[in-house]
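The values are calculated or read from the model by the stated rules, or taken from the named source; none is laboratory data. Only a predicted model underlies this, so the values are computations on that prediction, with no experimental measurement involved. As a convention, Cβ positions derive from the backbone with ideal geometry for all residues, glycine included, and neighbour counts pool all protein chains shown. With ligands, DNA and RNA removed, areas are computed over all heavy atoms of the protein, side chains included. Shrake-Rupley method; radii C 1.70, N 1.55, O 1.52, S 1.80 Å.
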Amino acid sequence: MDIERWAWAGQERFPGFCFTFVQDRDPGTVAAAVGADSLTVLTLIEAEEAHPISKPGALLRFGTYGQGVFCFEDRAPIANREPAITRLAQGTRLLQVTKSGDGMVVVREVVDGRKVQLFEPGEAVYVDGPLRPRVAALLPEHSRIVAALAVVADEVGADLDRATLDGPLATALSMLNERASR
C-alpha cells in the first residue's frame, strides 16, 4: 500500500469530497445512478471551465480500476446520499470515503443494499468491520482521510493518485437533489 499517493487528500485546498468505488459496474451505469445523463472525457481544468463552481450541480469524475468504477466528487457530493447509495450498491459492493468541509471523515461499505461497515476513523463506529482496524493502524502517523483512502483503495485494488484525478476522465454534471445521510 502506497499511502503517500493519498497525501494530497489531507491538504487544506481539498476541504471536502466524496470518493466512491463500485465493483462490477461501468462509468455510464454509475453516472446514471447519480443523476448524470452523458459523459464527456475532460481534464479537471476543462471540467471546471465547462462546469464552473459558481453554477449549481455536482461535478462527477469517473474512472475505472481493476473490477470497478470510481466516482470522485469535490463539490456538492451526491453519491453519499442514502438514495444514491442504495442505487449504486444494488447487486454489488460499494466502498466510499467522504470528507466533509468540517473535516469529518466517514468510511462506508454497502453490499447489495446492506451496510457492512460504517465508521469515522479514530472516532465513532456505527457498523464495525475489518477496514476500521486497518485504518486505525495508520493513525495518528497519517491523517484520518489519508489513512482511510489508502486502506479503501488497497482493499479494492485502485492504484490512483492526484495526477489521475487531474487528468482526462469521464466527466458529468448532476443536478440530482436528494436527502443527505450518514
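I'd like the full set of residues that are open to solvent by 10 Å² or more (accessible area, probe 1.4 Å) and either more than 23 Å from Q11 (Cβ to Cβ) or not small (G, A, S) (or both), limited to segment 96-106. Residues satisfying the conditions are T98, K99, D102, M104, V106. Residue count for segment 134-182 satisfying the condition of being over 25 Å from E120 (Cα atoms), in a loop (DSSP other than H, G, I, E, B) and either open to solvent by 50 Å² or more (accessible area, probe 1.4 Å) or touching a helix residue (DSSP H, G or I) at 6+ places or on another chain (Cβ under 6 Å) (or both): 3. A residue that is of a type in the set (K, R) and open to solvent by less than 70 Å² (accessible area, probe 1.4 Å) cannot be found anywhere in segment 13-21. Residues in segment 26-43: is at least one of a type in the set (D, E, K, R) and open to solvent by 20 Å² or more (accessible area, probe 1.4 Å)? Yes: segment 26-43 contains one or more residues that are of a type in the set (D, E, K, R) and open to solvent by 20 Å² or more (accessible area, probe 1.4 Å). Remark: pairs (first residue in segment 99-127, in contact (Cβ under 8 Å) with a residue 60 or more places away in the chain; second residue assigned to a loop (DSSP other than H, G, I, E, B) and surrounded by 19 or more Cβ atoms within 10 Å (Cβ to Cβ); Cβ separation under 8 Å; 6+ apart in sequence or on different chains) = V106/N80. Residue count for segment 121-130 under the criterion of being touching a strand residue (DSSP E or B) at 6+ places or on another chain (Cβ under 6 Å), closer than 22 Å to G16 by Cα and surrounded by fewer than 22 Cβ atoms within 10 Å (Cβ to Cβ): the result is 2.
Please verify whether E109 is open to solvent by 50 Å² or more (accessible area, probe 1.4 Å) and at pLDDT 95 or above, treating the condition exactly as stated. Here the answer is no, as E109 does not meet what is asked.
Checking each residue in segment 64-84 for being open to solvent by 30 Å² or more (accessible area, probe 1.4 Å) and within 10 Å of V22 (Cα to Cα) picks out T64, Q67. None of R87, R93 is open to solvent by 20 Å² or more (accessible area, probe 1.4 Å), touching a residue at least 12 places away in the same chain (Cβ under 8 Å), under 14 Å from the mean Cα position of the chain (by Cα) and under 21 Å from P27 (Cβ atoms) except R93. Among the residues of segment 19-30, is there at least one that is at positive phi, in contact (Cβ under 8 Å) with a residue 40 or more places away in the chain and of a type outside the set (K, R)? Yes, segment 19-30 has at least one match.
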